[in-house]
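See structure below.
The values are calculated or read from the model by the stated rules, or taken from the named source; none is laboratory data. All of these numbers come straight from a predicted model, not from anything done at the bench. Methodologically, a virtual Cβ is constructed for each residue, glycine included, from the backbone with ideal geometry; neighbour enumeration extends over all protein chains shown.
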Amino acid sequence: MQDTAKARVLFVDDEPRILTTMRMLFRNRYELHFADSGQRALELLKTQPVDVIVSDQRMPGMTGIELLRTARELNPDAMRILLTGYSDLNAIIGSINEGEIFRFVSKPWANEDLTATVERAVKAARVSAAVTTSAAAESGDDPEAAVPPASMPGILVVDDDPQVPPRIRAVLGADCRVFGAASMDEAVSTLEREPIGVVISDTRVEDHPVVSLIGTLKQHRPELVSIILTERADAGSAIDLINQGQIYRFITKPIHDSQCRIAVSSALRQHQRLARDTGLHQRYEVESAPPPPGDAPVSGLLGRIRSLRGLVKRWV
Amino acid sequence: MGLKRVLPLLAAGAAIAALVFLAWRTQSVDNATHLQRLANLRKVDALDVALNRAVTQVGVSSMASIADERAATTRQLGDTLDALDRGALRLRGLSPDVDRALDRFLDTIESKFELAFDFEARNIQIHQRLIQGLDAVPALADTVQAASAPDVADTVSRQLGRLQSEITAHAVVQTPTNGPTILGLLDELSALSSQSEPMAEQMRRLRARCVEVMADKAELVSRMADFLNRPTAAQLLALERSYTAWHSRQVAVANQYRLWLAAYAAILLLGLMWLGIRLRRSYRDLDRANAELSHANEHLEEQVETRTRDLRKALDELRASQAQLIQSEKMASLGQMVAGVAHEINTPLGYARSNAQIVRDALGELRGLCAAHDRALAALTGEASDAAVAEAVATAQQLAQTVAADELGAELDNLLADTDHGLEQIAELVASLKDFSRVDRSRTDLFDVNAGIDAALKIAQNQLKHRIEVKRAYSPLPQIECSPSQLNQVFLNLITNAAQAIEGPGRIFVHTAAGADGVVIRILDTGSGIPEDVRARIFEPFFTTKPVGQGTGLGLSIVYRIVEDHGGGIEVRSVPGKGSEFCIRLPLRQARPATPPNPAQAAA
């Protein structure tokens, strides 16, 4: 990978004027590719690896999510950004779970935000590409290999419904160490005490949105992987959770055993990867969240989370 | 007539017939007849006795009057016997015993009659002879007296006198002693007359005469005894007894029947009592039912009022919840519409805004270039050193190269044109929205259906774009009187349904035509079609084939109501797998002026 070469960015939109605008906005910065449909984009991806894909969601023939999911298989290193005018919840959840996207950008966008996001994505793509190639060269170990049970990190379930942690424990079986927390305070205490690899949380705990907690955790402990398990799913908070919290999976209640097991084991593998290769962290970098408005207990917690940083080194 | 009505009548008739039969059987013994028969028997007895007496009297006298009396008695007796034998009160035929007794009695009394006749005839003869004998006795006594010796004359005379009185007494009233006495006297006289032959001679004649008289008398007596000894009385008694026995039997039978009648009457009475009790019970039931009925009647109005109130309340609640549902359906479809329109607007808005920023940034660059040019120009025209001039010109030239003003200008023009286009698109969408909602118009208005369909298609553009080809075949239409916002809802709903029925690429045809008294709108799609069983129900409220939570099932029912409320009609034709056609007919003018037909409208 030549650092001097311009990064390759692919824009996909059925509206040609959007593509024109993108050309104008990003000319001189990257090597730009354009496609006016999902099919064209996939054709292009087969011949031309790219670093970042920016796709519209609503397109005839193939939606943005479908495109990004297939692109992830074709070109797993490419960072995926979804540009959307209006998305229903199912589309967003699909893009999180199947597309593992980096950001949602809503239309209309602010140019500086979009350029900053694309820039971050480019940087992350380049770093992680370097990491994966070197890692592959070094050991050639399978990143999907099972986690050795001895070093099995714990799973923290944050939910104010006391029935949820035992339920998860029952679903995951005895191999996993599952900790329950009914409040954010309790969650942070557990994080201070135990080596946690995966956090399963509702969108709101005791009426506080968890997005700032998860965002702060991700900022300071990038190897932590979050799963949202909720019945109060709404599109806005899901978008915030991906942009500001880089959540790994979004599952809706009621809990389906197999779905839950698959999500947790893949989250554990992801945690393993992130712990091993700090270079990957940039791929899951979060937007700096706006400070929680006058939410004293939460901001107090965030301070405590920051202090956790030192502990991280010990566990990894 | 049914069997149910015939049977009781037959039973009642049978019961009455049985009753009449029994009563008749108890009446078979007629007491008056019985008494008259007995009286007849007594009369026969009395007449028999009378006859005996008459015959007895005849025996002692030969007076004609007595014979007449006997004849009269005999006649009466004969009549009475006839009555017994043949008359209305006859005894014959009642029973064999009675018949036998009667026959016996009749035979006896007949023979008695014959004897009586014989006796009478004989009696007269014997009487005459007796009287002659008696008459002869004194003459003979006189001759005896005359012929007697004087020494015995007194004795003879006395003896003769005794003989004469004894003979007379014997002839009239025979006694057991006077027969031997006469014979004794005759013997004494014969003894006395033995001394004198004439006297003895006279005595023999007298003796013969006396014996004759006595024999006659004995014959008379024996005849009478024979007559009187006929057992008429006993036989009559036997007859009476057998009759009485028959009568008693009859009475016993009648009594038996009376008993039966009593038992039957008792049974009938019991039956009647049972019927009465049943009737009474029925009456009681009827009374109770009647009471309940009247009670219910009294409370009926109250109940009706309560029920009506409840029903009205329920109806109000139903209306409210229906209105609420329709409202939420409208909100849901509004939400979908907003989502689509938001996307439609956000796309042009996105590039327009971005373009504006790019232009502003480019303007900054151009302004920098202008400033560099100005500075170079100033250096050229001013007092600046050659070096400074050269530097300024070089800077300006370098900047001009970087900025590439001509190229940039062309690109900026391009961007601005795009921006214009985007803004125009947004403006169009907003106009369609305004058109569509008609919030700035009155509820009933003159409306161009073609324009309405166009607006709906524009709103639904998001769902149709790239996937579905819309073919329009509009005819020039007269404006119709309607509620435009409601009709727009109808068009949008049908177009959205058509789009949802099509999986993957497809086509929607929209035809409009002017009819004689209205307009006809046909919306066809190449979608999945509607199965027969679903087609019958698609206009029902809450009927949906979508999964729970993805449709209220009210969309088409609202369409149906809006069209109906406009006095129009909607029909659906469909071939499963090929597509569906919705055909709407709308009249030119509304029958009812300007009343908002949809109650949800008021809630909206």
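Conditions (1) within 14 Å of chain B (Cβ to nearest Cβ); (2) crowded, with 24+ Cβ neighbours inside 10 Å, marked per residue:
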position	(1), (2)
A:GLY61	yes, no
A:LEU67	no, yes
A:THR70	no, no
A:ASN90	yes, no
A:SER95	no, yes
A:GLU100	no, no
A:PHE104	yes, no
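Selection over the range B:446-467 of residues that are at negative phi, within 14 Å of another protein chain (Cβ to nearest Cβ) and surrounded by fewer than 15 Cβ atoms within 10 Å (Cβ to Cβ) gives a count of 1. Tell me yes or no: at least one residue of the range B:313-325 is modelled with pLDDT under 85, within 14 Å of another protein chain (Cβ to nearest Cβ) and in a helix (DSSP H, G or I). Checked the range B:313-325: no residue is modelled with pLDDT under 85, within 14 Å of another protein chain (Cβ to nearest Cβ) and in a helix (DSSP H, G or I). Has the range A:9-28 got any residue that is modelled with pLDDT under 90, farther than 17 Å from B:LEU349 by Cα and within 22 Å of the chain's Cα centre (by Cα)? Within the range A:9-28 (the criterion being modelled with pLDDT under 90, farther than 17 Å from B:LEU349 by Cα and within 22 Å of the chain's Cα centre (by Cα)), the answer is no, since none of the residues qualifies. Can you confirm whether A:ARG8 is buried (at least 18 other Cβ atoms within 10 Å of the Cβ) and at the interface with chain B (Cβ under 10 Å from one of its Cβ atoms)? So A:ARG8 fails the test.
Residues in the range A:255-288 that are buried (at least 17 other Cβ atoms within 10 Å of the Cβ), β-branched (Val, Ile, Thr) and within 19 Å of A:GLY154 (Cα to Cα): A:VAL264 only. Counting the residues of the range B:497-521 that are among the charged types (D, E, K, R) and buried (at least 17 other Cβ atoms within 10 Å of the Cβ) gives 0. Restrict the check to the range B:336-344 and report whether at least one residue is touching a Lys or Arg at 6+ places or on another chain (Cβ under 7 Å) and either at pLDDT below 90 or more than 14 Å from chain A (Cβ to nearest Cβ) (or both). Yes, the conditions are met somewhere in the range B:336-344.
Hey, can you tell me all the residues within the range B:346-360 that are without any contact (Cβ under 8 Å) to a residue 12 or more places away in the chain and more than 8 Å from chain A (Cβ to nearest Cβ)? Listed by number, the list holds a single entry, B:ARG360.
Just the residues that are crowded, with 24+ Cβ neighbours inside 10 Å and out of contact with any strand residue (DSSP E or B) (no Cβ under 7 Å at 6 or more places or on another chain), please, taken from the range A:192-214. Scanning the range A:192-214 gives A:VAL211, A:LEU213. Answer yes or no: is there a residue in the range B:55-70 that is in the same structural domain as B:LYS217 (by TED's automatic domain parsing), modelled with pLDDT of 80 or more and either touching a Lys or Arg at 6+ places or on another chain (Cβ under 7 Å) or basic (Lys, Arg) (or both). The answer is no, given that none of the residues of the range B:55-70 is in the same structural domain as B:LYS217 (by TED's automatic domain parsing), modelled with pLDDT of 80 or more and either touching a Lys or Arg at 6+ places or on another chain (Cβ under 7 Å) or basic (Lys, Arg) (or both). The residues on offer are B:ALA46, B:ALA50, and the sole one that is assigned to a helix (DSSP H, G or I) and surrounded by fewer than 16 Cβ atoms within 10 Å (Cβ to Cβ) is B:ALA46.
When the range A:37-59 is limited to residues that are touching a residue at least 24 places away in the same chain (Cβ under 8 Å) and more than 26 Å from B:GLN463 (Cβ to Cβ), the one that is farthest from the other protein chains (Cβ to nearest Cβ) turns out to be A:PRO49.
Summed over the range B:468-496, residues that are surrounded by fewer than 20 Cβ atoms within 10 Å (Cβ to Cβ) and under 30 Å from A:MET62 (Cβ atoms) total 4. Within the range A:21-44, the set of residues being surrounded by fewer than 22 Cβ atoms within 10 Å (Cβ to Cβ) and farther than 19 Å from A:THR115 by Cα comprises A:ASP36, A:SER37, A:GLN39, A:ARG40, A:LEU42, A:GLU43, A:LEU44. Is it the case that B:LEU363 is away from chain A (no Cβ under 14 Å) and not small (Gly, Ala, Ser)? Considered against the rule, which asks whether it is away from chain A (no Cβ under 14 Å) and not small (Gly, Ala, Ser), B:LEU363 comes out as no. The number of residues in the range B:119-136 being closer than 19 Å to B:PHE227 by Cβ and touching a residue at least 12 places away in the same chain (Cβ under 8 Å) comes to 8.
With respect to (1) within 14 Å of chain A (Cβ to nearest Cβ); (2) under 30 Å from B:PRO484 (Cα atoms); (3) surrounded by fewer than 17 Cβ atoms within 10 Å (Cβ to Cβ); (4) not acidic (Asp, Glu), the lone exception for B:ALA431 is condition (1).
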